[in-house]
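J.: Take this structure first; my questions come after.
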């Protein structure tokens with residue numbers, strides 16, 4: 001496993017941290033990503049519920065991609081932390097795969113757990129790669145729920 005952290009200024013928006021992890025595209029290594037997700041979300045002061053939502057969403061996104069991954073290749077995950085938001089991009093090498101189906105149960109789970117979800121299909125610039133991008137903002141559920 002390789003882990004790289006870089007911090008750089010992003011104009012007036014402030015500081016952002018980017019953490020990249022590369023590991024074998026096999027389900028046995030997903031616990032590493034779940035742990036990294038929880039630790040990074042805690043660094044942004046996400047609530048325990050938000051952390052658990054992110055852990056499950058990252059796990060689900062990886063499971064969707066692993067079913068399309070070329071055996072023996074790597075899965076890469078990039079976590080971008082900016083203020084009150086975390087974006088996670090997970091990506092694998094594929095052969096002849098299409099974008100994940102947005103009408104299946106796994107996709108519905110992703111959209112319920114993250115604020116924004118998108119898939120980057122192989123035909124969009126990288127014919128041999130597929131990615132899922134999740135975005136979660138701290139306190140987003142509280143802002144949309146309003147007072148009880």
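J.: If we keep just the residues of segment 119-140 that are modelled with pLDDT of 75 or more and surrounded by fewer than 14 Cβ atoms within 10 Å (Cβ to Cβ), which is nearest to residue 77 (Cα to Cα)?
T.: Taking the candidates together, the pick is 128.
J.: Does segment 66-86 hold any residues that are closer than 18 Å to residue 131 by Cβ and assigned to a loop (DSSP other than H, G, I, E, B), and which are they?
T.: Within segment 66-86, 67, 68, 70, 73 meet the criteria.
J.: For the structure I just gave you, tell me whether residue 63 is over 16 Å from residue 23 (Cα atoms) and touching a helix residue (DSSP H, G or I) at 6+ places or on another chain (Cβ under 9 Å).
T.: Against the criterion (over 16 Å from residue 23 (Cα atoms) and touching a helix residue (DSSP H, G or I) at 6+ places or on another chain (Cβ under 9 Å)), residue 63 does not qualify.
J.: Check residue 104 against each of (1) under 20 Å from residue 26 (Cα atoms); (2) without any contact (Cβ under 8 Å) to a residue 40 or more places away in the chain and name the one condition it does not meet.
T.: With (1) under 20 Å from residue 26 (Cα atoms); (2) without any contact (Cβ under 8 Å) to a residue 40 or more places away in the chain applied to residue 104, the lone miss is (1).
J.: Of the conditions (1) within 22 Å of residue 121 (Cα to Cα); (2) assigned to a helix (DSSP H, G or I); (3) modelled with pLDDT under 90, residue 57 fails just one. Which one is it?
T.: Status for residue 57: all satisfied but (3).
J.: I need the full set of residues from segment 16-51 which are over 16 Å from residue 79 (Cα atoms), touching a helix residue (DSSP H, G or I) at 6+ places or on another chain (Cβ under 8 Å) and buried (at least 16 other Cβ atoms within 10 Å of the Cβ), in order please.
T.: Hit for segment 16-51 is 25, nothing else.
J.: I'd like the full set of residues that are out of contact with any helix residue (DSSP H, G or I) (no Cβ under 9 Å at 6 or more places or on another chain), surrounded by fewer than 20 Cβ atoms within 10 Å (Cβ to Cβ) and over 16 Å from residue 140 (Cα atoms), limited to segment 66-88.
T.: Of everything in segment 66-88, those that are out of contact with any helix residue (DSSP H, G or I) (no Cβ under 9 Å at 6 or more places or on another chain), surrounded by fewer than 20 Cβ atoms within 10 Å (Cβ to Cβ) and over 16 Å from residue 140 (Cα atoms) turn out to be 67, 68, 70, 71, 72, 73, 74, 76, 78, 80.
J.: Here is a further query. Test residue 92 against the stated conditions and say whether it is farther than 13 Å from residue 135 by Cα, out of contact with any strand residue (DSSP E or B) (no Cβ under 8 Å at 6 or more places or on another chain), modelled with pLDDT of 90 or more and surrounded by 14 or more Cβ atoms within 10 Å (Cβ to Cβ).
T.: no
The values are calculated or read from the model by the stated rules, or taken from the named source; none is laboratory data. Model, not experiment: these values are computed from the prediction. Cβ atoms come from the backbone with ideal geometry, glycine included; neighbour counts cover every protein chain shown.
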